[in-house]
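Structure first, commentary second.
The values are calculated or read from the model by the stated rules, or taken from the named source; none is laboratory data. Every value quoted in this text rests on a predicted model; they were computed, and no experiment measured them. FYI the Cβ positions are ideal-geometry reconstructions off the backbone, even for glycines, and counts take in every protein chain you see. We work out accessible area using only protein heavy atoms, side chains counted, and drop any ligands, DNA or RNA first. Shrake-Rupley method; radii C 1.70, N 1.55, O 1.52, S 1.80 Å.
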Amino acid sequence: QVQVVESGGGLVQPGGSLRLSCAASGSIFSIPAMAWYRQAPGKQRDLVARITSGGRINYADFVKGRFTISRDNAKKTVYLQMNSLKPEDTAVYYCNVEDSIRTYWGQGTQVTVSS
């Protein structure tokens, strides 16, 4: 069984920063890619950023220059540093972990950007 657990969400003012973390544990040994998605109320779930085990990174256009994804392969952990946050970044952020067979989702962590 595989567990994916996110942490680090919360309430922040516009222009502020947050750092999300996601750790995978259990029966998972090879993780080709890890990613962050987000879903605002009434909207679809969108890819925010994705990083492979080799370090290749993709960002959604709406976060380029503001968010940074990184990972620690030994710890099976992925991070999302979010700077210059805007109210439109408000959403539930989900971690996605890919192994060679399937993908796994975390339960999500709420990020609210508001003054």
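Under 14 Å from the mean Cα position of the chain (by Cα) and more than 17 Å from V113 (Cα to Cα): does that describe L47?
Details: under 14 Å from the mean Cα position of the chain (by Cα): yes; more than 17 Å from V113 (Cα to Cα): yes.
Criteria met by L47.
Please name all residue pairs, on different chains or six or more residues apart, with Cβ atoms under 8 Å, provided the first residue is in the range 14-37 and is in contact (Cβ under 8 Å) with a residue 40 or more places away in the chain and more than 18 Å from D99 (Cα to Cα) and the second residue is part of a loop (DSSP other than H, G, I, E, B) and open to solvent by 50 Å² or more (accessible area, probe 1.4 Å).
These pairs meet every condition: P14/K86; P14/S114; P14/S115; G15/S84; S17/N83; S17/S84.
Filter the range 3-44 down to residues that are farther than 20 Å from S84 by Cβ and polar (S, T, N, Q) and give me whichever is farthest from the chain's Cα centre (by Cα).
If we take residues in the range 3-44 being farther than 20 Å from S84 by Cβ and polar (S, T, N, Q), then S27 is farthest from the chain's Cα centre (by Cα).
Within the range 4-19, take every residue that is in contact with a Gly (Cβ under 7 Å, 6 or more places away or on another chain) and not β-branched (V, I, T) and give me the one that is least open to solvent (accessible area, probe 1.4 Å). Show your work before the answer.
First, pick out the residues of the range 4-19 that are in contact with a Gly (Cβ under 7 Å, 6 or more places away or on another chain): 4-6, 18-19.
Narrowing further to those that are not β-branched (V, I, T): 6, 18-19.
Details: E6: 12, L18: 31, R19: 126 Å².
Filtering first and then ranking leaves E6.
Going by the structure shown, is G16 part of a loop (DSSP other than H, G, I, E, B) and at positive phi? Reasoning before the result, please.
Working: part of a loop (DSSP other than H, G, I, E, B): yes; at positive phi: no.
No: the conditions fail for G16.
Residues that are of a type in the set (G, A, S) and either modelled with pLDDT under 95 or open to solvent by less than 60 Å² (accessible area, probe 1.4 Å) (or both): list the strands (runs of 3 or more DSSP E) wholly contained in the range 25-115 that include at least 1 such residues.
On the way: elements: 33-39, 46-52, 57-59, 67-72, 77-82, 91-98, 103-105, 109-113.
The strands (runs of 3 or more DSSP E) meeting that bar are 33-39, 46-52, 67-72, 91-98.
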